[in-house]
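Since the structure comes first, as structure tokens, the remarks are kept for the end.
The values are calculated or read from the model by the stated rules, or taken from the named source; none is laboratory data. Since this is a predicted model, take the numbers as computed values, not measurements. Please note: Cβ atoms are built from the backbone with ideal geometry, for glycine as well, and neighbour counts cover all protein chains shown. The area values use the complete protein model at the heavy-atom level, side chains included, leaving out ligands, DNA and RNA. Shrake-Rupley method; radii C 1.70, N 1.55, O 1.52, S 1.80 Å.
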Amino acid sequence: MNLNKLTVLLTISLFNVNASALESDFNQPIHVSSIKQHASLKTNTVIFTDEVLLTQGSIKITADKLTVIRGAKPNHEMMIAEGNVATFHQTQDDGKPLDAQAKNISYDVAKGKITLSKSAQVKQLDSHVNGGEIVYFLESQELNVTTDQNKKERVQTVFLPAQFEKDKSTNSTKSSTPKTTGEK
């Protein structure tokens, strides 16, 4: 069997997930495209480079480089996106977009966990949070944000009441949404 056939077989086996029509993004198939790909059968890794795009349901990750490490069990892959700016996007169950960016984005498929590090930022509507590391759990849609305590940074959050209204009118303004920033 030639190397191209082995590469295709490894790639298919890495992304063989349950394709049934479940509501959650992390139960959808993962698709990766890039300009270049290198597979190492010995180490069970695939490295995608140049204009990398990963999609899974409404999840979209872009990066300069994506390293996929096959886990011991199916659906236990670790995916590490790197770039000058790697991005993450997901449309949440309530229809709100969640956008994030960092130099490194790790996706632990088995845990449904996204970890953003190095210049990490998450935005939703006009809200945003910056931190040294941001961990986002896909199923519960929860964030944990930490800062670099050596730099004496803090996470600061401002909540404005209009953001929490259940029935938003089209007359709401940008000044009525919460803003969360890291400060030094």
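Looking at the range 41-82, which of its residues are touching an Asp or Glu at 6+ places or on another chain (Cβ under 9 Å), surrounded by 19 or more Cβ atoms within 10 Å (Cβ to Cβ) and at pLDDT 95 or above?
V52, T62, A63, L66, V68, M79, A81
Can you spot a residue in the range 74-81 that is of a type in the set (S, T, N, Q), touching a residue at least 40 places away in the same chain (Cβ under 8 Å) and closer than 16 Å to L54 by Cα?
For the range 74-81, residues of a type in the set (S, T, N, Q), touching a residue at least 40 places away in the same chain (Cβ under 8 Å) and closer than 16 Å to L54 by Cα: present.
Criterion first (in contact with a helix residue (DSSP H, G or I) (Cβ under 8 Å, 6 or more places away or on another chain) and not in a loop (DSSP other than H, G, I, E, B)) does V68 satisfy it?
Yes: the conditions hold for V68.
Collect the residues in the range 123-142 that are outside any strand (DSSP E or B) and surrounded by fewer than 19 Cβ atoms within 10 Å (Cβ to Cβ), keeping them in residue-number order.
If the condition is that a residue be outside any strand (DSSP E or B) and surrounded by fewer than 19 Cβ atoms within 10 Å (Cβ to Cβ), then L125, D126, E139, S140, Q141 are the ones that fit.
Which residue pairs have Cβ atoms under 6 Å apart, sit 6 or more places apart or on different chains, and have a first residue in the range 19-32 that is part of a loop (DSSP other than H, G, I, E, B) and a second that is surrounded by 12 or more Cβ atoms within 10 Å (Cβ to Cβ) and at pLDDT 75 or above?
Listed by first residue and then by second, the contacts come to A19/P29; Q28/Q56; Q28/G57; I30/Q56.
Which residue is nearest to A72 (Cα to Cα), if the candidates are limited to the range 101-113 and must be in a strand (DSSP E or B) and open to solvent by less than 10 Å² (accessible area, probe 1.4 Å)?
Step one: list which residues in the range 101-113 are in a strand (DSSP E or B), which gives 101-108, 113.
Checking which are open to solvent by less than 10 Å² (accessible area, probe 1.4 Å) leaves us with 102, 105, 107.
Values: A102: 28, I105: 21, Y107: 16 Å.
Going through the qualifying residues, I end up with Y107.
Scan the range 143-151 and give yes if some residue there is open to solvent by less than 40 Å² (accessible area, probe 1.4 Å), in contact with a strand residue (DSSP E or B) (Cβ under 7 Å, 6 or more places away or on another chain) and part of a strand (DSSP E or B), otherwise no. Spell out how you get there, then give the answer.
Here is the first cut: in the range 143-151, the ones open to solvent by less than 40 Å² (accessible area, probe 1.4 Å) are 147.
Keeping just the survivors that are in contact with a strand residue (DSSP E or B) (Cβ under 7 Å, 6 or more places away or on another chain) gives 147.
Now narrow it down to the ones that are part of a strand (DSSP E or B): none.
Within the range 143-151, not a single residue is open to solvent by less than 40 Å² (accessible area, probe 1.4 Å), in contact with a strand residue (DSSP E or B) (Cβ under 7 Å, 6 or more places away or on another chain) and part of a strand (DSSP E or B).
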